[in-house]
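The values are calculated or read from the model by the stated rules, or taken from the named source; none is laboratory data. All values reported here derive from a predicted model rather than from experimental measurement. Glycine also receives a Cβ, built like all others from the backbone with ideal geometry; neighbour counts cover every protein chain displayed. Surface accessibility is based on the protein's heavy atoms, side chains included, excluding ligands, DNA and RNA. Shrake-Rupley method; radii C 1.70, N 1.55, O 1.52, S 1.80 Å.
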Amino acid sequence: MLHLALLALVLPSAIAHTPVISNAKTSLTLLYQNNLNGTDDSNHIGFLLLDPSDKKDAAKACEAIGESLISRSQIKAHSADFVSSLSYVAYAGRAQPAHLYHISDGVVAVDAHENLMFPPIPSRSIKLPVLCTQSSQQGQPWDAVATTSNQVAIASTGNTYVGYRNQKSFRFLGIPYADTPKRFVHSVPYSKTKQTLDATVYAPQCMQYGSGAESCLFLNVQTPYLPKQGSKKDLRPVLFWIHGGGFTGGSAADAGTDGGNLASREDIVVVQIQYRLGTLGFLAIPGTSVTGNYGIADQINALQWVIKNIASFGGNPKQITIGGDSAGAGSVRALLGSPPANGKFQGAIAMSNLGGGVTLGLESTYSTTYSSYLTVAESYALAGQNIFLAAGCKQAALSEQIACLKNVPASTVSGLSSTARYVVQDGTYVNTPQLNVVKRSGSTAHVPAMFGVARDDGSSIGASYPATPVTSEIEGIQKSLGISASYAQSVIDSGLFPLYNTGNITLDSFNVSARVATDSGFRCVDQATMFAAAKSHAFAASYYYEMDRTVGGYDSNLLGGAPVTPGYPNGNPNLPYFRFHSGATAPFIFGNVSPIRDSNDLKAAQLNSGYFAQFVKNGQPNPSERYLTTRKYGDTLHAVQHTGQWNQIKDKNGPIRLLDYPSVSSGFVDVPQCAFLNYPLSYYVDGGR
Ligand SMILES: *[C@@H]1O[C@H](CO)[C@@H](O)[C@H](O)[C@H]1NC(C)=O
Ligand SMILES: *[C@@H]1O[C@H](CO)[C@@H](O)[C@H](O)[C@H]1NC(C)=O
Ligand SMILES: *[C@@H]1O[C@H](CO)[C@@H](O)[C@H](O)[C@H]1NC(C)=O
């Protein structure tokens, strides 16, 4: 223990003093042929591509970054990886000037027929790009650590950032995008300059449930490419990721949403951000300067940092797609309608946004406030005085109560039984009761948007597994959904949610309830949103999906994943299992699939992360066949050819996409069920609210 503690003390200063490689003299491209199979990482090597130089300077260029020229034998030992990587460089138009590269024993080329060749060195003096070894081989976010030999320093808008590289990408962690925020005050951009910032370790999570830090406004970047200092050449599209966690939890330091796999497989830049949570992020008090939406404003501040700095990290500031899952999707939805955010991003992905829930005679449910924004007064009525009382701030005057709460330790505030977790209509960041998708208007960002749900989101949020076995369907539905017997009976009588009989009535009635909860809390609002947006052209394009395969996810009812059967030690996805909330984000967006239960898990991760990455690249999810062929993404190519084009929503028949391997084109799902639940497909078109 003592040793570990000492190490922790010594490391940061060691990092600060070690000379690190930089992009001062050349761009740095990390190429890695990534099939997303972590177990297979040890069979692959990556390499670094540097700007053209003379033969005599090539070796020095590699040495300057702590590597050496790659050799013919190293290339031959991994020829398939080199052929596809270099073919892709040519495809992307970056194999200038002659599709030849310096290596230790001559030059290498990949010709138009994808033959690896070692032609004689051209006699005329010609500058060629340089291929160096890439010795940092840790493949996973959790084992990727900065060492003296893998660090990299880059300069951006007045500061220097020291990050590092692993097998998959360059990584910059824990970058401050804002000054330490004052409590209940909107954050301001990071103001220090001439700093050398250690970006090799994650920042602390934002204060949540009593732990974390109030100084938490940091972001992470994973990138396959660092342009030469000052250059804006070949910038890659950016995925700007907002984590979920109910606006009360979560962090950007999450292996499931690490961008290393996506950066290398799809050649895009990935950013994850943190924002203030719970009462510290969302307290709103009418008639005071505590106007709320601090967490949302933090996100916009982070976007501003990305716009200003991301080119230095290889990202294109004019090609930013915001994305998020759960409360991250709720954030995306809020940003889509937020005037200060408008114009700061070019695409949006909202996965399993919550909403609706005004159903079965219930006035509102947990999900409602994600899409129907409370006024400041409504939010305060739910979580205002209760917070003051719980914090012991019982002064007579409101101003004194606020002053008191500002002095309560952040850990105490975030651990109280009452929490403000609501996006509110503050008139600045959010100034409509709902995202306006009814007509094309200045208030809604006119960008391509992708919304969707996990098939059984409601099995994680909305339906609770009964604590004790039930003896009838009606009892099960009543208990799972917390509704009256007469409403439970109306669900049964509707005939719209038939019992799927496994002989286990507790499970089967829960399954019915999970479908009701999925529809009422997720599916109906999201489908209605995108149907209306498609009709009104509120978004530049509207795409919709349902995740029919998930791995892991939010198992709030402790139901477990797919059942383990012989030959399937990690679960057999061919047998019934619930597709939990957030269970598709890691594999399908980020290509982080773990565990891999069967070969289709891996293929689905390759295919679907490819669809989403393509959406990030140009606002539509269909990768071209030429791209897939060049990159040797054969299983993805087959699936794309099998299902055909994924088109934007046209009318009440969709289309939408059921994501799996291969994916399936479909119409909207549970349309009559949504009508029954008072959230019809035409909800917004017909006036909604
Ligand atoms: C019903 O299914 C649940 C969830 O899988 C399980 O925990 C329970 O043991 C099952 N009950 C019976 C009687 O098989
Ligand atoms: C739940 O019911 C659906 C049919 O509505 C069925 O396809 C699925 O397999 C069931 N899930 C479980 C875990 O039994
Ligand atoms: C992943 O790679 C390992 C090692 O090469 C291989 O044995 C395994 O079959 C691969 N898994 C899948 C699902 O392709």
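Suppose R0 equals 45 Å; then what is the FRET efficiency for THR629 and SER443 from their Cβ-Cβ distance, rounded to the nearest 0.05?
0.60
Rounded to a whole number of µm²/s, how large is the Stokes-Einstein D of the range 4-133 at 4 °C and 1.567 mPa s, given Rh as the Kirkwood radius over C-alpha pairs?
Taking Rh from Cα pairs, D becomes 81 µm²/s.
Taking only the alpha-carbon atoms of the chain, what semi-axes of the equivalent ellipsoid follow from 5 times the gyration tensor eigenvalues under a square root, in whole Å, largest first?
That gives 44, 31, 23 Å for the three semi-axes.
What does the accessible area per residue of the chain come to in Å², with a 1.4 Å probe and no ligands, DNA or RNA counted?
Per residue, the chain has an accessible area of 37 Å².
Using alpha carbons only, how many degrees (0 to 90, rounded to 10) separate the axis of helix 505-518 from the longest principal axis of the chain?
It works out to around 80 degrees.
What percent does the relative contact order of the range 482-557 come to when contacts are Cα pairs within less than 8 Å and at least six residues apart?
14 percent
Which of rounded, prolate, oblate describes the range 571-656, given a ≥ b ≥ c as roots of the alpha-carbon gyration tensor eigenvalues and a/c under 1.5 marking rounded, otherwise prolate only if a/b is larger than b/c?
Cα axes put the range 571-656 in the oblate bin.
What is the angle, in °, between the Cα long axis of helix 485-494 and the longest principal axis of the Cα atoms in the chain? Nearest 10 is fine, range 0 to 90.
60 degrees
From a point 7 Å beyond the Cα of SER665 in the direction of its Cβ, which residues of the range 624-651 have a backbone N at a distance under 12 Å?
641-650
Note down the accessible area of GLU67, probe 1.4 Å, to the nearest 10 Å².
10 Å²
Note down, for the range 506-608, the three equivalent ellipsoid semi-axes (square root of 5 times each alpha carbon gyration tensor eigenvalue), biggest first, whole angstrom.
Semi-axis lengths for the range 506-608 are 28, 19, 9 Å.
Compute the acute angle (0 to 90°) between the alpha-carbon long axis of helix 294-309 and the principal axis of greatest extent of the alpha-carbon atoms of the chain; round to the nearest 10°.
Tilt relative to the chain: about 20 degrees.
Tell me, what HN-Hα J-couplings in whole Hz come from the Karplus equation 6.51 cos²θ - 1.76 cosθ + 1.60 at θ = phi - 60° for each residue of the range 135-143, using x for Gly and Pro?
Here the 3J(HN,Hα) series is 8, 8, 10, 5, x, 10, x, 7, 9 Hz.
Quantify, in whole percent, the carbon and sulfur part of the accessible surface of the range 154-273 (1.4 Å probe; protein heavy atoms only).
53 percent
Extension gain TRP142-ASP105, at 0.36 nm per residue separation less the Cα-Cα distance, in nm?
So the extension gain works out to 9.7 nm.
From largest accessible area down, sort THR160, THR196, THR529; use a 1.4 Å probe on the protein chains.
THR196, THR160, THR529
Summing Lys, Arg as +1 and Asp, Glu as -1, what charge do residues with Cβ under 11 Å from the Cβ of LEU283 carry, LEU283 excluded?
+4
Length gain on complete extension for the stretch ASP179 to THR565, per 0.36 nm per residue less the alpha carbon to alpha carbon distance?
Details: separation 386, 0.36 × 386 = 138.96 nm, distance 5.21 nm.
Going from the current span to full extension adds 133.8 nm.
How much FRET efficiency would the formula 1/(1 + (r/R0)^6) give for SER149 and SER490, where r is the Cβ-Cβ distance and R0 is 60 Å, rounded to 0.05?
0.35
Quick one: if you stick a label point 7 Å off each Cα along the C-beta vector at LYS652 and ALA64, how many nm between them?
Placing both labels 7 Å beyond Cα along the Cβ direction yields 6.5 nm.
Pull out the extension gain between LYS194 and LEU382, defined as 0.36 nm times the separation in residues minus the alpha carbon to alpha carbon distance; nm, one decimal.
Details: separation 188, 0.36 × 188 = 67.68 nm, distance 4.48 nm.
So the chain would gain 63.2 nm between LYS194 and LEU382.
What does the charge count near ASN574 come to, summing +1 for each Lys or Arg and -1 for each Asp or Glu among other residues with Cβ under 12 Å from its Cβ? Write out the running numbers ahead of the final one.
Values: positive: ARG549, ARG597; negative: ASP598, ASP601, ASP660.
Taking every other residue near ASN574 into account, the sum is -1.
Net charge within 15 Å of GLY476 by Cβ-Cβ distance, Lys/Arg positive one each and Asp/Glu negative one each, not counting GLY476 itself?
Net of charged neighbours comes to -1.
For Cα pairs less than 8 Å apart in space and 6+ apart in sequence, what is the mean separation divided by the residue count of the range 4-133, i.e. the relative contact order in percent?
After rounding, I find 29 percent.
Let me cross-check LEU389: its accessible surface, 1.4 Å probe, with only protein heavy atoms counted, in Å² to the nearest 10?
90 Å²
Give the ranking of TRP646, TRP142 by solvent-accessible surface, highest area first, calculated with a 1.4 Å probe.
Most to least solvent-accessible, the answer reads TRP142, TRP646.
Where does the range 279-369 land on Rg/Rh, using Cα atoms and the Kirkwood Rh?
Here Rg/Rh amounts to 1.06.
P(r) for the range 58-107, please, calculated from all Cα pair distances in 5 Å bins and given in %.
Taking every Cα pair in the range 58-107, the percentages come to 5, 19, 21, 27, 23, 4.
What figure in square angstrom, to the nearest 10, would you give for the accessible area of THR550 with a 1.4 Å probe?
Answer for THR550: close to 0 Å² accessible.
Carbon and sulfur together cover what percent of the accessible area of the range 384-518 at a 1.4 Å probe radius?
It is 52 percent, rounded to a whole number.
Within the range 4-133, what whole-number % of the accessible surface is contributed by carbon and sulfur, with the 1.4 Å probe and all protein chains included in the calculation?
Heavy-atom surface of the range 4-133 belonging to carbon and sulfur, 1.4 Å probe: 60 percent.
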